[in-house]
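A.B. asks: Before I ask anything, here is the structure I am working with.
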Amino acid sequence: MSAAAPVANKKARSFTAPSVIPGFRATFGFTIFYLSLVVLFPLSLLIFRASSLGLSGLYGIAVEPRVAAALRTSFFISFAAAAIDVVFGLITAWVLTRYEFPGRRFLDAIVDLPFALPTAVAGIALAALYAPNGWLGEPLADYDIKIAYTRWGILVALVFVGLPFVVRTVQPLLAEIDAELEEASATLGASRAQTVWRVLLPPILPALLTGFALAFARSVGEYGSVIFIAGNLAYISEIAPLLIIVKLEQFDYAGATGIATIMLAISFSVLLAINLIQAWSQKRFGHV
Amino acid sequence: MSEAIPSAALAPVIAVAAPRSVTEETPLTRNVLIGVAVAFLGLFLLLPLAVVFTEAMAKGAGAFFATFEEPDARAAIRLTLIVAAIVVPLNALFGVCAAWAISKFSFPGKSVLITLIDLPFSVSPVVSGLVYVLVFGSQGLLGPTFAAYGIQVVFAIPGIVLATIFVTFPFVARELIPLMQEQGTVEEEAALTLGASGFRTFLTVTLPNIKWGLLYGVLLANARAMGEFGAVSVVSGHIRGLTNTIPLQVEILYNEYNIVSAFALASLLAGLALVTLGFKTLLEWRYAGQIAGRRRH
C-alpha cells in the first residue's frame, strides 16, 4: 500500500506539468469517465456496428433508392439553406454591428432565438405560418406558391435553424475591424464599394465559410423543426434523420446504423473543413 | 428605448446634411440594408414566434388554460422538469470538473479532449438517440442484460435522461473552459500558499470568478434539456402520460389537430426560450468580461 501511492503520484506528475493546484486526478478522472460513459462508448458502438456492415454494406444502404433520395434531399437543401444564411447573415451582422437604429439591441438578442427555441416549437410554428390557411401560406397560395409540405418548407425551416451560426461567427470580426484600414483605403482613392469588397470582406471570408459550415452541419442533422413542415413524402420531401427513425420503427437496425454513420461522416468532414479553414485563416490573416 | 427613437429618427436627416465620412455608406444603402435585415429577421424569427402565442390564444384564455388541466399535459410537464433536474446538475458538475482539469493543468492531448467534449454538438439529435437504442435496445449490446434484471432503459425514463445528457453535454464545459483558461491559476495559487484547502480555494476564489459563466452555461443547457425533441423522440417510445416530455406531447397534440393545446404547451417552451434569451442578453451586457459568451455556438 505505502509503496503504491508514490508510484501513482509519480505517474500523475509525469503526465501533467508540476503544479501546486490540487484535484487534477479527481477532476480529470471524472471527466474521462463521464465522457467515455455518456459519449464515447455509445458512439463507438455505432461505429463498431457500422464496421460490421463493411464498406460494401454501407454502400449498399447508401444507394438504396429511398435512402439515396433522403440523403440527397438533406444534403442539397442544407447547402442551399446555409448559402441563404451566409447572405442574410452577413447583412444582419453588418447592420447590427455598424448601424445604430431603434430596436437594434432587441434584434441582436432575437438572433439567438433558433438556438433557444425548441425545434418542435419552431417546427409547428413554421408549419402553421406557411400552411395553406396560415398567415403567409394563404396570401402565397393566391400566387400558386406552396411552401408547407413541399421541399420549400424544408428550406424555410433550415434557413431558420442555421441563421444564428453565420451571424454569431461573423459579428465579432466585423466589430474588431480597424477603422484605419477603411480610412487608408478611402484616402488611396477607393470608392466605398471597393473598400467594402476588397478591404473589409477578405478578412471575414474565413468566418463566413466557418459560419456556412456550422449552419450546414446543423441543417443536415436537423429533425424537429423540419418534419412538421416537410410533408415527409418518401423520395421527395423525406430527410435523412427522419429515415433513421422510419428504419428504427421497422426494426431495420442495420439500415438506421448505416444512415447514421454516413451522417456522422458528413459531420466529421465538416468539422475537419472548419479546422482547415481556421488554420488557413490564422496563417493568412492572423486571426480565426 | 423611448429616448433613442427621436435621435435615431433624426439620424438620416443629419446624415444627408453633414458631409458623409469616408467610412460610411450612403444613407440610401444604409437604410436599404437595415430594411433587408429587419424584414428578414421579422419574417424568419419574429413571425414564427408570434404565431406560437397567437395560435395558443386563438380560442381564448379558457381553452389555453384548459390545456394545462389535462392529465397527459401535466405528466409531460412533470417529466420534463424531472429530466432537467437530473441532467442539468450532472452536466454542470461535469463542466466544472472538465474545465478545472483542462484550464488549471497542462497535459498532453488537451486539444483532443476539448474536441471530444464538443463532439455531441456535431451529432444529429436523431443519431444521439439512436446510439442509446444500439446500447440499451432489445437488440442492443446491453439491452438483454439489463432486461434480465428488470431494468428498462430505452422507451423509459432512463433512456430519455441519457439522450438529454448527451445533447446538452458540452454546454457548461465549453462556456467555462475558455473563461477559466483566461483567468489562469495565479489567484488559486495565492490562496493555496496562504493555507486554504483545495476545496475552499475553489469555493471562495474560483467559484466567484466563474459564477456568471456557470449560470450562463446552465441556462443554455436547461433550455436545451427541456426542449430537446429529436434525441428524446427516438428513445422515448411515446407512451402517453409516462414517457412523453413537453415537446413530444406537443407533437402528439399537433398531429391530432388539437392545435390550440399543441400551441398552448408550445408557448410554455417558447416562454422559457424568451426568458433564457433575456437572461442571456442581460448577462452578456452586464457581465461581458465574466462570461466567455458570444463565441461560436
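Quick note: the coordinates plus some simple rules give every number you see, no bench work behind them. What you see is a predicted model, and the numbers here were worked out from it, not measured in a lab. In this analysis, Cβ positions are derived from the backbone assuming ideal geometry, glycine residues included, and neighbour counts consider all displayed protein chains.
A.B. asks: With only Lys, Arg, Asp and Glu charged, each at its Cβ (+1 for the first two, -1 for the last two), find how big the charge dipole of chain A is about the Cα centre; round to the nearest 20 debye. Display every interim value, and only then the final one.
C.D. replies: Values: 19 positive and 17 negative charges, 232 e Å.
In total the dipole reaches around 1120 debye.
A.B. asks: OK, next. On average, how many beta carbons from a partner chain sit within 10 Å of the beta carbon of a residue in A:184-195?
C.D. replies: Working: counts 1, 2, 3, 1, 0, 0, 1, 1, 7, 2, 0, 2.
Shielding by partners across A:184-195 averages 2.
A.B. asks: Another question, if that's okay. Using the crude model of +1 on Lys and Arg Cβ and -1 on Asp and Glu Cβ, and no other charge, please compute the dipole size for the stretch A:133-195 relative to its Cα centre, in debye to 20.
C.D. replies: For this selection, approximately 360 debye.
A.B. asks: Have a look at B:I165, B:F107, B:Q181 and report the one farthest towards the positive end of the charge dipole of the stretch B:60-290, computed about the Cα centre with Cβ charges (Lys/Arg +1, Asp/Glu -1).
C.D. replies: With unit charges placed on the Cβ atoms, the residue in question is B:F107.
A.B. asks: Still on this structure, please answer the following. Once R0 is set to 35 Å, what does the formula 1/(1 + (r/R0)^6) return for the Cβ-Cβ distance between B:S197 and A:E100, expressed as a FRET efficiency to the nearest 0.05?
C.D. replies: 0.10
A.B. asks: Among A:R284, A:R98, which comes first, then next, by fewest other beta-carbon atoms within 10 Å?
C.D. replies: Values: A:R284 12, A:R98 16.
Going from least to most buried by this count: A:R284, A:R98.
A.B. asks: If you don't mind, another one. Percent relative contact order of chain A, based on C-alpha pairs within less than 8 angstrom and at least six residues apart?
C.D. replies: Values: 301 pairs, mean separation 76.1, N = 288.
Here the relative contact order equals 26 percent.
A.B. asks: Count the lysine pairs in the protein assembly as shown that are 8 or more places apart or on different chains: how many have C-alpha atoms under 25 angstrom apart?
C.D. replies: Close lysine pairs found across the protein assembly as shown: 8.
A.B. asks: Would you kindly derive the ³J(HN,Hα) couplings of the stretch A:84-94 from the backbone phi angles with the Karplus curve 6.51 cos²θ - 1.76 cosθ + 1.60 (θ = phi - 60°), listing them in order in whole Hz, with x for Gly and Pro?
C.D. replies: 4, 4, 4, 5, 6, x, 5, 4, 4, 4, 4
A.B. asks: When Cβ neighbours within 10 Å are restricted to other protein chains, what is their mean count per residue of peptide B:263-272?
C.D. replies: Working: counts 4, 0, 3, 9, 2, 2, 6, 7, 0, 4.
For peptide B:263-272, the averaged partner shielding equals 4.
A.B. asks: I need the peptides B:245-255, B:168-178, B:21-31 ranked by packing, meaning the mean over residues of other C-beta atoms within 10 angstrom, with the highest value on top.
C.D. replies: Highest mean packing first, the order is B:168-178, B:245-255, B:21-31.
A.B. asks: Which part of the stretch A:208-229 falls in the paramagnetic zone of B:E256, meaning amide N under 19 Å from the point 7 Å along Cα-to-beta-carbon?
C.D. replies: Those under the cut-off are A:228.
A.B. asks: Pop a pseudo-label 7 angstrom from the Cα along the beta-carbon direction at both A:F76 and A:D144 and give the gap in nm to one decimal.
C.D. replies: Using points 7 Å along Cα→Cβ, the separation is 2.2 nm.
A.B. asks: Just how large is the dipole of the stretch A:5-162 about the Cα centre, in debye to the nearest 20, putting +1 at every Lys and Arg Cβ and -1 at every Asp and Glu Cβ?
C.D. replies: Its charge dipole is roughly 1020 debye.
A.B. asks: Same structure again: Once you sort the root eigenvalues of the Cα gyration tensor of chain A as a ≥ b ≥ c, which label holds: rounded (a/c under 1.5), prolate (a/b larger than b/c) or oblate (the other case)?
C.D. replies: Oblate, because a/c is 1.5 or more while a/b does not exceed b/c.
A.B. asks: Also: Helix-only mean residue ellipticity at 222 nm, chain B, DSSP H runs n ≥ 4 weighted -39,500 (n - 2.57), per residue, nearest 500. What is it?
C.D. replies: Value at 222 nm, helices only: -22500 deg cm²/dmol.
A.B. asks: Name the residue farthest towards the positive end of the dipole of the protein assembly as shown from the options B:V133, B:T201, A:S219, assuming +1 on Cβ of Lys and Arg, -1 on Cβ of Asp and Glu, about the Cα centre.
C.D. replies: Final value for the positive-end residue is B:T201.
A.B. asks: Cα gyration tensor of the stretch B:34-93, axes a ≥ b ≥ c as square roots of the eigenvalues: rounded (a/c below 1.5), prolate (a/b > b/c) or oblate?
C.D. replies: It comes out oblate by the Cα gyration axes.
A.B. asks: Let me know the shape class of the stretch B:60-290, please: from the alpha-carbon gyration tensor, a ≥ b ≥ c as square roots of the eigenvalues, rounded when a/c is under 1.5, otherwise prolate if a/b is greater than b/c, or oblate.
C.D. replies: Oblate.
A.B. asks: Under the definition of Cα pairs under 8 Å and six or more residues apart, what whole-number percent is the relative contact order of chain B?
C.D. replies: Relative contact order here is 27 percent.
A.B. asks: What FRET efficiency would be calculated for the residue pair A:Q250, A:F48, taking the C-beta separation as r and a Förster radius of 35 Å, to the nearest 0.05?
C.D. replies: For A:Q250 and A:F48, the calculated efficiency is 0.95.
A.B. asks: From the phi of every residue in the stretch A:163-169, what ³J(HN,Hα) in whole Hz does the Karplus formula 6.51 cos²θ - 1.76 cosθ + 1.60 yield, where θ is phi - 60° and glycine or proline is x?
C.D. replies: Working through the residues one at a time gives 3, x, 4, 5, 4, 6, 7 Hz.
A.B. asks: Counting only other chains, what is the mean number of Cβ atoms within 10 angstrom of the Cβ of each residue in peptide A:260-269? It would help to have the intermediate numbers written out before the result.
C.D. replies: On the way: counts 9, 1, 0, 5, 6, 0, 2, 6, 3, 0.
The mean count of partner-chain Cβ atoms within 10 Å per residue comes to 3.
A.B. asks: Starting from the Cα of A:R25, step 7 Å toward the Cβ, then list every residue of the stretch B:158-199 with an amide N under 19 Å from that point.
C.D. replies: Counting only backbone N, you get B:197-199.
A.B. asks: How much net charge surrounds A:E182 when only other residues with a Cβ under 12 Å from its Cβ are counted (Lys, Arg +1; Asp, Glu -1)?
C.D. replies: -2
A.B. asks: Another one. Calculated from DSSP H runs of 4 or more alone, at -39500 (n - 2.57) each and per residue, what is the 222 nm mean residue ellipticity of chain A, nearest 500?
C.D. replies: -24500 deg cm²/dmol
A.B. asks: Something else: Using a Förster distance of 30 Å, how high is the FRET efficiency between A:A265 and B:T26, based on the Cβ-Cβ distance and rounded to 0.05?
C.D. replies: On the way: r = 48 Å, r/R0 = 1.58.
Between A:A265 and B:T26 the formula returns 0.05.
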